[in-house]
Amino acid sequence: MSDQPAPPAPAGEAAEPPAAPAPGGDRHPTADQDSPWKEALDRWLDAFALLLFPALHAVLADGDPAWRPSVHARERAGCRLRFEFPVAKLLDWDTPEARDALESSRSPAAVVVLAQLDALRTRRRPRARQAAKWALYRGLFGRGLSREAILELFRVLDWLLALPPSLERELAARITRFEEEVRMPYVTSVERIGREKGLEEGLEEGVLRGRHETLRLIVSTRWGAPSSSLDERLRAAVAGPDFAAVASQATSAPSLEAFAAWLSARDCTPG
């Protein structure tokens with residue numbers, strides 16, 4: 001799943017399929033395929049072993065049905081190491097019969113496999129991906145999973161089935177309504193949207209604080225530390241659309257009294 005091109009494979013061995021170029025203007029978020037799979041395998045390794053490879057296999061989660069490498073070889077200084085391995089190709093599970101088995105399974109590994117298949121199927125089709133993500137999320141509640149398992153699985157789904165922000169918000173609103181029926185808190189995309197909103201609010205608060213400190217510095221440098229009443233007026237002034245005019249007056253006013261008078265006139269001006 002690396003973006004780096006793979007070196008040519010030795011003769012008779014499969015090479016990694018080249019990545020298809022994204023069409024111009026595609027604003028769909030790039031899905032992080034490695035991280036969710038690492039987390040899922042770490043959390044549910046036994047479940048994946050039972051589902052995909054009762055004997056040891058390599059899992060291939062790519063979208064090229066023809067790419068099925070089974071040999072890894074390295075050669076150096078006349079020495080050659082050759083490792084042969086069986087593979088479990090997730091695309092082999094993308095049939096009606098296999099999907100039915102995955103959807104009826106109580107294994108968390110089945111959910112992750114379904115999410116990967118949906119990620120491949122809905123690539124560059126965000127509306128279809130939103131619908132697939134919603135269906136998988138609702139399906140979690142019929143698998144007899146614990147609350148903790150549902151939340152952990154949806155974290156993985158959120159990675160594999162990343163959506164543009166507007167569709168993420170639509171889905172979050174839909175899930176919030178659904179949660180009112182099943183009484184299960186949803187804490188992945190909704191939580192992230194909340195964090196983003198909080199970040200925006202924090203940035204805005206930081207800008208206002210910086211403006212206030214700038215005005216205080218100008219006033220203090222020219223006339224000494226402002227009184228508490230003047231400082232409150234400076235704090236109120238930074239939130240207005242005419243901050244540049246306030247800063248200009250603080251810099252150019254001939255006296256503190258003249259600046260205070262200008263502030264009073266500004267405060268009394270309608271609009």
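The values are calculated or read from the model by the stated rules, or taken from the named source; none is laboratory data. All of these numbers come straight from a predicted model, not from anything done at the bench. In this analysis, Cβ positions are derived from the backbone assuming ideal geometry, glycine residues included, and neighbour counts consider all displayed protein chains.
Rundown of residues vs (1) among the basic types (Lys, Arg); (2) modelled with pLDDT of 90 or more, yes/no style:
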| position | (1), (2) |
| --- | --- |
| Ala119 | no, yes |
| Arg127 | yes, yes |
| Lys133 | yes, yes |
| Arg143 | yes, no |
| Ser146 | no, no |
| Ala149 | no, no |
| Glu152 | no, no |
| Val156 | no, no |
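Evaluate the following for Arg174: is it at pLDDT 80 or above, farther than 26 Å from Asp92 by Cβ and among the charged types (D, E, K, R)? Spell out how you get there, then give the answer.
On the way: at pLDDT 80 or above: yes; farther than 26 Å from Asp92 by Cβ: yes; among the charged types (D, E, K, R): yes.
In short, yes.
Residues of region 118-134 being surrounded by fewer than 20 Cβ atoms within 10 Å (Cβ to Cβ), among the basic types (Lys, Arg) and closer than 20 Å to Asp64 by Cα, which ones?
Arg121, Arg123, Arg124, Arg125
Applying the selection to region 140-155, what residues are over 17 Å from Arg169 (Cα atoms) and either crowded, with 16+ Cβ neighbours inside 10 Å or outside the structural domain of Arg121 (by TED's automatic domain parsing) (or both)?
Leu140, Arg143, Leu145, Ala149, Ile150, Leu151, Glu152, Leu153
Hey, any hits in region 227-242 for a residue that's closer than 30 Å to Tyr137 by Cβ, at pLDDT below 85 and in contact with a helix residue (DSSP H, G or I) (Cβ under 7 Å, 6 or more places away or on another chain)? Explain how you work it out, then say what you get.
Here is the first cut: in region 227-242, the residues closer than 30 Å to Tyr137 by Cβ are none.
No, region 227-242 has no match at all.
If Arg124 satisfies every condition in (1) under 17 Å from the mean Cα position of the chain (by Cα); (2) not in a loop (DSSP other than H, G, I, E, B) but one, which is the exception?
(2)
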